[in-house]
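Report on the following structure.
The values are calculated or read from the model by the stated rules, or taken from the named source; none is laboratory data. What you see is a predicted model; the values in this text were computed from it and never measured. Glycine also receives a Cβ, built like all others from the backbone with ideal geometry; neighbour counts cover every protein chain displayed. What goes into the accessible areas is simple: the full protein's heavy atoms, side chains included, and nothing from ligands, DNA or RNA. Shrake-Rupley method; radii C 1.70, N 1.55, O 1.52, S 1.80 Å.
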Amino acid sequence: LGALGGIAGFTGFATTLGLGVLAAIGLLYGAHQLDLLRLPYPQRRAQVPHDARQRFPKWVVGGLYGLSLGLDYLTYVQTPLLYMMTAAAILTGNIPEAIGIIALFNLGRFLPVAVNLLPLTDYRIQSWLGRNQERAAIADGAILTMLGAAFAVLALA
């Protein structure tokens, strides 16, 4: 993503254009998460073709799953924060900075897996997640809106 941004001539997201793009993504998708606006989610709902298990050996299927999960974009997107992080990574125009941004985002995606280290049953964890899914979407919307507003203030300063 950083290389794509570099080819496009971007040199950082701390420009008026970059901050404006991040502000728009945050405000629009924040409103979406808060059910105030409907926006599309560029995503692929299936990680691999449904018949892949019958057509390919297990190692190929495992590789396809790993690739699609690792790239973030070839799987179900649960938070539009991914789009903001993608834009920020591209706007850096710099490969190491882009890797850092996406790595921090993926660390956040990994943290829920750490709950498996707790002495809880899978059923209890899934039950809690199910009960709190709407709250998570509201929190996501609030975070996106706050980030969008902060980027808008910086862009206008």
Quiz prompt | Computed FRET value (nearest 0.05) for Thr15 with Asn106, which takes r as the C-beta separation and R₀ as 30 Å | solution = 0.75
Self-check item: Rounded to 10°, Cα long-axis angle of helix 95-110 versus longest principal axis of the chain
Solution: 50
Quiz prompt | Taking the chain and dividing mean pair separation by its residue count, relative contact order in percent (alpha carbons under 8 Å, at least six apart) | solution = 46
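Give, in nm to one decimal, the length gained when the segment between Gln78 and Ile95 is fully stretched (0.36 nm per residue of separation minus the Cα-Cα distance).
3.6 nm
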Quiz prompt | Solvent-accessible area per residue for the chain (1.4 angstrom probe, square angstrom) | solution = 65
Quiz item: Spin-label point model (7 Å from Cα, Cβ direction): what's the Trp128 to Leu69 distance in nm?
Solution: 2.1
Quiz item: What's the carbon and sulfur percent of the stretch 10-157's accessible surface, probe 1.4 angstrom, rounded to a whole number?
Solution: 69
Quiz item: Taking Cα atoms, how many degrees apart are the long axis of helix 58-70 and the longest axis of the chain, rounded to 10 and kept between 0 and 90?
Solution: 30
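What number, rounded to the nearest 500 deg cm²/dmol, is the helix-based mean residue ellipticity at 222 nm of the chain, given -39500 (n - 2.57) per DSSP H run of at least four residues and division by all its residues?
Calculated at 222 nm, the ellipticity per residue is -22000 deg cm²/dmol.
Assuming 0.36 nm per residue, please report the length gained on full extension of the stretch Leu120 to Ala149 beyond their Cα-Cα distance.
Computed gain between Leu120 and Ala149 is 6.6 nm.
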Exercise. Subtracting the Cα-Cα distance from 0.36 nm times the residue separation, let me have the gained length for Leu156 to Asp35 in nm, one decimal.
Key: 40.9 nm
Quiz item: Using Cα atoms only, what is the angle between the long axis of helix 16-33 and the major principal axis of the chain, expressed in degrees (0 to 90) to the nearest 10?
Solution: 50
